[in-house]
Amino acid sequence: KPMEGRISDIGPRHFGEFLPPVIAKNFGQWDYHEILEPGVLCHTALSGDKAYTVRCGSARLITVSHVREICAIADKFAGGNLRFTTRNNIEFIVDNKKAALDLKAYLNGLKFPGGSHKFPVGGTGAGVTNIVHTQGWVHCHTPATDASGTVKVTMDAVFDDFQNMKLPAPVRISMACCLNMCGAVHCSDIAILGIHRKPPLIDHEYLDNLCEIPLAVAACPTGAVRPSKVELDGKTYKTVAIKEDRCMFCGNCYTMCPSLPLSDGEGDGIAIMVGGKISNRITKPAFSKVVVPFIPNEPPRWPTLTKVIKKILDTYAAEANKYERLGDWANRIGWERFFEKCELEFTAHLIDDFRDPAYYTWRQTSQFKW
Ligand code: SF4
Ligand code: SF4
């Protein structure tokens, strides 16, 4: 219900106006939920009412005509109700099991001309769900890699695990196209992170004419940018200088000053992180760790990226215990063994709390089991 006294002509309308009737009626009064089969959930309220949800994947960036298609399905099957999850899955909520299964069959039958699914049903339970991701080359100004492209090829590689729930536990994959990271890569089972490896280029003439130098200086978190003057073709420009050994390639200065671009064909690429999670089930939440420091950008199909992710996922699926998240499995067997089994190159720089036994007589962590 709309909140009392709410000014309704400013900002979006109150979400309560859009709830399906069964959700509105039982708001805050849910007892438990179960996953009936991949992509189909049933929530049971204390009143005994049940809400059946059919979940399918979507691309995060979608056209208006595709939105209309989604709305038409909601009108036809779900009383006009639908929701998007934080991972950009589409959920249709219906009030009986038969309607849910009919809708699942209908969605699975909708195909693109090439035969691939238009609305693939799945993304529940112990499987891979939709990848949460950022803007990439489509929109943002600081990406080191693409978001839509890397996510598409990754989902193609792990699609079977989206449709089925045969992994030991849920696997959350995230993607952020720079380390400013408006995605969720810091706490994902598998994370794809775009990284720059070169400091910004400086266009002195543009900078003098276009940018606020104090703003560019203040934007740098490591103090690498300082005011400077440069002589070019007999003309003096007020500009900045960058202390390269202080630069961590974050792109903050470029956000404030468009004369400091840092995109670079050779320098830009992807790091892979694993083992993070938000859930506190069985073990506490954990940050992801870097396990592959650099993979070059290889559009349009990013073969190295997908090979690495598939190998990690398949090894985890084959070796982990039931209910064990990817990071919990790596912690149990030891991170050195994780690298061996996933055929990844290990260096001491990859794990933040690694201590080289040649120099230290004790370790600060039990994660290393050699
Ligand atoms: Fe832009 Fe970085 Fe966010 Fe990607 S992760 S959309 S480059 S701020
Ligand atoms: Fe500073 Fe980041 Fe710009 Fe490097 S990229 S100069 S660290 S703001």
At least 1 residues that are within 16 Å of ligand 1 (Cβ to nearest atom) in each: list the strands (runs of 3 or more DSSP E) lying fully within segment 224-284 that qualify. 269-274
Pair list, Cβ under 6 Å, 6 or more apart: segment 161-180 residue more than 16 Å from ligand 2 (Cβ to nearest atom), other residue of a type in the set (S, T, Y) and open to solvent by 10 Å² or more (accessible area, probe 1.4 Å): A169/Y323
I'd like to verify a number: residues in segment 72-96 that are open to solvent by 40 Å² or more (accessible area, probe 1.4 Å), within 27 Å of R172 (Cα to Cα) and not in a loop (DSSP other than H, G, I, E, B), how many? 2
Of the numbered conditions (1) among the hydrophobic types (A, V, I, L, M, F, W, C); (2) open to solvent by 50 Å² or more (accessible area, probe 1.4 Å); (3) in contact with a helix residue (DSSP H, G or I) (Cβ under 9 Å, 6 or more places away or on another chain), M248 satisfies every one except a single condition; which is it? (3)
Which residue out of T154, T150, T134, T142 is within 12 Å of the chain's Cα centre (by Cα) and part of a loop (DSSP other than H, G, I, E, B)? T134
Going through (1) under 18 Å from T142 (Cα atoms); (2) more than 15 Å from ligand 2 (Cβ to nearest atom) one by one, A219 fails only at (2)
Taking Q135 as meeting all but one of (1) open to solvent by 30 Å² or more (accessible area, probe 1.4 Å); (2) more than 16 Å from ligand 1 (Cβ to nearest atom), write down the number of the exception. (2)
Single residue of K166, K229 found to be over 30 Å from M256 (Cβ atoms), surrounded by fewer than 18 Cβ atoms within 10 Å (Cβ to Cβ) and either of a type in the set (S, T, N, Q) or out of contact with any Asp or Glu (no Cβ under 8 Å at 6 or more places or on another chain) (or both): K166
Residues that are farther than 16 Å from K310 by Cα, away from ligand 2 (no atom under 16 Å from the Cβ) and part of a loop (DSSP other than H, G, I, E, B), drawn from segment 183-214: G183, A184
Filter segment 323-340 for residues that are surrounded by fewer than 17 Cβ atoms within 10 Å (Cβ to Cβ) and not in a helix (DSSP H, G or I); which is farthest from the chain's Cα centre (by Cα)? G334
Would you confirm whether or not segment 110-131 contains a residue that is within 16 Å of ligand 1 (Cβ to nearest atom) and crowded, with 18+ Cβ neighbours inside 10 Å? yes
Conditions (1) more than 9 Å from ligand 1 (Cβ to nearest atom); (2) surrounded by fewer than 20 Cβ atoms within 10 Å (Cβ to Cβ); number of the one not met by L179: (1)
Among the numbered criteria (1) in a loop (DSSP other than H, G, I, E, B); (2) at pLDDT 95 or above; (3) open to solvent by less than 20 Å² (accessible area, probe 1.4 Å); (4) among the hydrophobic types (A, V, I, L, M, F, W, C), which one does L350 miss? (2)
If only one of P285, P296, P261 is open to solvent by 20 Å² or more (accessible area, probe 1.4 Å) and touching a Cys at 6+ places or on another chain (Cβ under 8 Å), which one is it? P285
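The values are calculated or read from the model by the stated rules, or taken from the named source; none is laboratory data. In this text, all values refer to a predicted model and were calculated from it rather than measured experimentally. So basically every Cβ, Gly included, is an ideal-geometry build from the backbone, and we count neighbours across all protein chains shown. Quick note on the areas: whole protein, heavy atoms, side chains included, nothing else; ligands and nucleic acids left out. Shrake-Rupley method; radii C 1.70, N 1.55, O 1.52, S 1.80 Å.
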